[in-house]
Amino acid sequence: MTIEVGRPSLPAETVEVARPDQSGRRWWSRQGSLVIRPGLITREALILGLKAAVFPYLASRLLVWAATWFGARNIPATPGMYSNLNPPPALSPFLHWDADAYGYIAHHGYALGAGGLDAELARVAWFPFYPLLIRLAGGSDWAMIIIPNVCFFAALALLYVVAMKYMDPDRARLTLWLLALGPAAMFFSYPYTESVFLLLTVGAFVLMESGRWLLAGVAGMGAAATRFPGILVAAALGSEAVLGKRRRGAVLVATGVAVTGLVVVSVVQWIQMGDPLGYVHARALWIGPDRNPLYLIGSFPKAVIEGDPFNPEAIGVPVLIVFAIGAGWVALRMPVAYGAFAIGQIVLAADQGLFLHIFSLVPRVVSVIFPCYFAFATFLAPRRNLQVAWLLVSASAMVLLSAMYGAWRFVG
């Protein structure tokens, strides 16, 4: 018997795992159920997830930490850049750019702080759930670092659990490596929201897979209070309510719970800033100058010619295209909830790049679209040489961008 997409996996001793598909045609074919079929997720499955996460986590994080430290000490820093948090020397290479804003929100909310009114207006673009976690953990600079690293390890473990419902162990392990060594995977160890968001969204789908709809809605609420795309967990739940023949009332309630995360953000910003849509209006502060539309296809060739192929702006469009293809695979091969979540995030990432006239943010934004890594693992598993090349190029980009981040270069 084979494990197919959308079908609950049987105990290991009764399952013969399907061999990785060798056919590009079948890689795109529709397979499995349109809806999630809940099944028991055992303690043993969670323990296997924790074990599978150890090596991808340690190998990738050591690369990120070492490269960030190297960049901070050996690459000339961007002039005039500093952190308002005044972190200790051991942590200062990691507390750059957005980390500064999250630290200030954790200590002061959205009230006027360092940087004056302009900084106050800009900070509402950052959502409050991660700063709340920092505050609950004591508010220290160490808490800002520990939280995302712990969340990333937990997210990898849960991702393995989800992967094992849809693929064999080799591809499930490859999924973790592809995520951990992604070109923007350094952000999972920085004081940013990527790790918290990833844990909450993967956790929401684990709960859906086990039929715990209300708890999935709670996880979605946390995700929506962490980053705007978290609202797509509600879209995933909504698709289950429409297509599924199960406790539709419970799933609809869970969908509403997930939406309340964004409502909470609006209420907080309304109370503190007088603008319930501050997170929408603030992004206009980062709109770049008008550009020739051909930059969408010319940035990467230009960077290659100039000997800078890992330029954050240059790789933005190629990375978006790769993830868009992965999202298309997810829509064809997995339950609709996964497809709605993945495609919705692709649309939001493209909209952000086009609205701001800059695509350097895109690799970071799409790095959390975890269903796409199932597509990449399925495609790469039978193609060993391509698999090695993919991981080497991706890890090289991650290391280089980590070093640039440590030197106060903007990499997303």
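Each reported figure results from applying straightforward, stated rules to the coordinates on display, with no laboratory input. Since this is a predicted model, take the numbers as computed values, not measurements. Positions of Cβ are generated from backbone atoms using ideal geometry, with glycine treated the same way; all protein chains shown enter the neighbour counts.
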Ranked list, fewest to most other Cβ atoms within 10 Å of each Cβ, for LEU85, LEU392: LEU392, LEU85
Kyte-Doolittle at least 0.0, axis length at least 24 Å by Cα - qualifying DSSP helices, the chain: 43-74, 141-163, 248-273, 312-333, 336-356, 384-406
Estimated 222 nm signal from helices in the chain, with DSSP H stretches of n ≥ 4 weighted -39500 (n - 2.57), rounded to 500: -20500 deg cm²/dmol
The range 327-412: chymotrypsin sites (Phe, Trp or Tyr not before Pro) falling in loop per DSSP and having at most 14 other Cβ within 10 Å: none
Rough spin-label spacing in nm, given labels placed 7 Å along Cα→Cβ, for ILE305 and THR78: 2.6 nm
Normalised per residue, the volume of the convex hull around the Cα set of the chain (Å³): 143 Å³
GNM result for the chain, Cα springs below 10 Å: residue of ALA389, ALA397, ALA225 fluctuating most strongly: ALA389
